[in-house]
1. Could you compute the FRET efficiency for Arg19 and Asn105, with r as their C-beta to C-beta distance and R0 at 25 Å, rounded to 0.05?
2. How high is the relative contact order of the range 81-121, in percent, with contacts defined as C-alpha pairs under 8 Å that are six or more residues apart?
3. Quote the charge dipole size of the chain about the Cα centre in Debye, to the nearest 20; the model charges only the Cβ of Lys and Arg (+1) and of Asp and Glu (-1).
4. Counting other C-beta atoms within 10 Å, and keeping those with at most 16, which DSSP coil trypsin sites (Lys or Arg not before Pro) do you find in the range 4-50?
5. What order do you get for 84-96, 52-64, 21-33 when each peptide is scored by the mean count of other beta carbon atoms within 10 Å, highest first?
6. Evaluate 2.2 N^0.38 Å with N set to the residue count of the chain, then give the Cα radius of gyration divided by it.
7. Need one number: nm distance between label points at Thr57 and Gln39, each 7 Å from Cα along Cα→Cβ, rounded to one decimal.
8. Find the eigenvalues of the gyration tensor of the Cα atoms of the range 42-87, then list the square roots of 5 times those eigenvalues as equivalent ellipsoid semi-axes, largest first, in whole angstrom.
Amino acid sequence: QVQLVESGGGLVQPGGSLRLSCAASGSILSIYFMAWYRQAPGKQRELVASMQSDGTTKHTDSVKDRFTISRDVAKNTVYLQMNSLKPEDTAVYYCNEVIRSPGNNSPRLYWGQGTQVTVSS
C-alpha cells in the first residue's frame with residue numbers, strides 16, 4: 001500500500017507565502033508523475049502544477065511566476081512553494097501521484113487527504 005501525507009497548509013495574509021509538502025510512503029518502486037490540485041468551495045477541482053519523472057514541470061497560468069513545484073527524490077516528497085498568495089488561491093490543495101509498487105505490472109493513481117489553504121486579511 002502507498003500513502004500520501006500532505007502538510008503545510010494554513011491561514012496566510014495576502015502577499016504571504018506557504019510551502020506545501022506531500023510525502024509518499026509504503027511500497028514504492030517508481031513515481032511516474034506528481035501533481036498538485038486545488039478545489040475551492042463551489043468549484044471544480046483544478047490542476048495547479050505537475051512534474052513528470054524526468055523533472056519536466058507545468059504550472060497553470062493563474063499561478064505562474066508565483067507557485068513552484070519541486071521534489072526531493074530521496075524523500076519521495078513533492079513540494080508546492082506558493083508566493084504572493086491571493087485570496088482567490090484559497091482552496092483545499094491535494095497532491096496526486098502515479099506510483100508503481102513492487103509486484104504490480106501497472107502503476108496506480110493515489111491522492112492525498114487534502115490540506116486547507118486560506119488567504120485572508
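The values are calculated or read from the model by the stated rules, or taken from the named source; none is laboratory data. These figures come from a predicted structure and were not determined experimentally. In this analysis, Cβ positions are derived from the backbone assuming ideal geometry, glycine residues included, and neighbour counts consider all displayed protein chains. To get the accessible areas, we keep the full protein, side chains included, count just its heavy atoms, and leave off ligands, DNA and RNA. Shrake-Rupley method; radii C 1.70, N 1.55, O 1.52, S 1.80 Å.
1. 0.10
2. 48 percent
3. I would put it at about 100 debye.
4. Working: sites: Arg19, Arg38, Lys43, Arg45; in loops: Lys43, Arg45.
Taking the range 4-50 and a limit of 16 other Cβ atoms within 10 Å, the loop trypsin sites (Lys or Arg not before Pro) found are Lys43, Arg45.
5. Working: 84-96: 18.3, 52-64: 12.2, 21-33: 15.6.
In decreasing order of mean packing, 84-96, 52-64, 21-33 become 84-96, 21-33, 52-64.
6. Values: Rg = 14.3 Å, N = 121, 2.2 N^0.38 = 13.6 Å.
Dividing the Cα radius of gyration by 2.2 N^0.38 Å gives 1.05.
7. 2.6 nm
8. Working from the Cα gyration tensor, I get semi-axes of 21, 12, 11 Å.
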